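Data block below; observations after.
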Amino acid sequence: MTSTEKDVLTKVPAVTLGFWIIKIAATTLGETGGDTLSMTLNWGYLAATGLFLSLLVGLIAAQILAKKFHPALYWATIVASTTAGTTMADFADRSLGVGYLGGTTILLTSLLAVLGLWYRTQGSISVETVKAPKTEAFYWAAITLSQTLGTALGDWMADSTGLGYEGGALVFSAMIALVAIAYYRTRISTVLLFWAAFILTRPLGATVGDFLDKPISHGGLDLSRPIASAVIAIFMVVCILIFPQRAGRHPGETPRTAVQ
C-alpha cells in the first residue's frame, strides 16, 4: 500500500461482510433508539431531531479532526446518523404532513443534490476519496441523508403497500441480494452499488426495528423500545469486537469502476 492510499484509507473501515452486518445492526438501533426518545419518552420528533443532530454534528467534527481510523468513533457517528435520520424522516412524514411519498421524494432529491454537488466539486463520489475535511463533510452529509431516506422508504414499504414489517424486510433483503449479485456478476460501477447498498440497508434495519417494537396489532412484536435498543447495542458492540476493524480498500478503487 502506498503512502497516498494509506492517507485515503486511514479513517474509514474496510467494506467487508462484517461491515454490512454492523451497518444493519446500527440502522436497527437507530430506529429503536430514535423511537425511544421521540415516542416512548415523549420528546416529539422535533426535539429528538435537535438532540440527535447536535450529537451527530459533534461526532462528525471529531471524526474529521481524527488523524486515523477509530472504530468506536466511526460506528458511533454511524449510529448518530441513523437515530437522527429516524426522527428527521418521522418529522418530515408525519409532523410536516407531507406523507411517506412526499418525504421520500424530498429526501431523495436532497441526497441526489448532495451527491451531485460532491461530484461536481470533487470529481468523484467514491469513498476512497474521503481524505480532506471538505470531502468528509460531503461523505457524512450523504450518509445522513441516505439513512433518513432509508427510514422513509422502510416506513412507506411497511405501512403503505400492505406488506407489513416482515414483508418489507424480505423485499429489502431481496434488493440487497440483487446488489450483491450485480457486484460479483456485472461491471456496474462499484461506487453506485456501494451507495445503493448503503441506502437499502437502512430501510431493512428500519423495518426490523419496527417489527421489534411496534404493537402486535400493527404486525410487530411489541417489545420495549429501550430494551430492544439495549440488546441491539450489545449485539453491535460484540460484532465490532469480533469482526476485524481496519482501514481497507473500498468499492470504487477497482479498474472496472465506471463512475469515479
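The values are calculated or read from the model by the stated rules, or taken from the named source; none is laboratory data. Worth saying up front: this structure is predicted, and the values here are computed from it rather than measured. We place every Cβ from the backbone using ideal geometry, glycine too, and count neighbours over all the protein chains shown.
Before moving on, here are some points about what is shown:
- Residues within segment 15-40 that are β-branched (V, I, T) and touching a strand residue (DSSP E or B) at 6+ places or on another chain (Cβ under 8 Å), tallied: 0
- A single entry from L112, L108, L117, L145 fulfils the requirement of being at pLDDT 80 or above, under 20 Å from F194 (Cα atoms) and buried (at least 21 other Cβ atoms within 10 Å of the Cβ): L145.
- Cβ-Cβ distances below 7 Å connect the following pairs, each with a first residue in segment 187-207 that is over 17 Å from M157 (Cβ atoms), a second residue that is surrounded by fewer than 23 Cβ atoms within 10 Å (Cβ to Cβ) and aromatic (F, W, Y), and a separation of six or more residues or different chains: T190/Y183; L193/Y183.
- Taken as a whole, the condition of being crowded, with 16+ Cβ neighbours inside 10 Å and either part of a loop (DSSP other than H, G, I, E, B) or at pLDDT below 70 (or both) applies to Q245.
- For segment 213-236, filtered to residues that are in a helix (DSSP H, G or I) and either under 29 Å from Y183 (Cα atoms) or in contact with a Phe, Trp or Tyr (Cβ under 9 Å, 6 or more places away or on another chain) (or both), the residue that is modelled with the lowest pLDDT is H218.
- Qualifying residue in segment 209-218 (condition: among the aliphatic types (A, V, I, L, M) and farther than 15 Å from T32 by Cα): yes
- Residue in segment 40-66 that is surrounded by the most Cβ atoms within 10 Å (Cβ to Cβ), counting only those that are of a type in the set (S, T, N, Q) and without any contact (Cβ under 8 Å) to a residue 60 or more places away in the chain: T49
- Subset of segment 179-191 that is among the hydrophobic types (A, V, I, L, M, F, W, C) and modelled with pLDDT of 90 or more - its residue that is farthest from S224 (Cα to Cα): I188
- Residue pairs whose Cβ atoms lie under 6 Å apart, separated by 6 or more positions or on different chains, with the first residue in segment 119-133 and in a helix (DSSP H, G or I) and the second polar (S, T, N, Q) and at pLDDT 80 or above, are Q122/T135; T129/T135.
- Condition check for V208: modelled with pLDDT of 75 or more, in contact with a helix residue (DSSP H, G or I) (Cβ under 9 Å, 6 or more places away or on another chain), surrounded by fewer than 22 Cβ atoms within 10 Å (Cβ to Cβ) and in a helix (DSSP H, G or I): no
- Within segment 166-190, being of a type in the set (S, T, Y), surrounded by 12 or more Cβ atoms within 10 Å (Cβ to Cβ) and part of a loop (DSSP other than H, G, I, E, B) holds for one residue alone: S189.
- Residue match in segment 149-158 (condition: assigned to a helix (DSSP H, G or I) and more than 29 Å from V57 (Cα to Cα)): yes
- Exactly one residue out of L212, L221 is farther than 24 Å from A142 by Cβ and over 21 Å from the mean Cα position of the chain (by Cα), and it is L221.
- Segment 67-105, subset in contact (Cβ under 8 Å) with a residue 24 or more places away in the chain, polar (S, T, N, Q) and closer than 25 Å to L193 by Cα, residue surrounded by the most Cβ atoms within 10 Å (Cβ to Cβ): T86
- Counted residues, segment 228-244 - those being under 14 Å from W20 (Cβ atoms) and among the polar types (S, T, N, Q): 0
- Of the residues making up segment 214-241, those that are within 30 Å of P13 (Cα to Cα) and touching a residue at least 24 places away in the same chain (Cβ under 8 Å) number 10.
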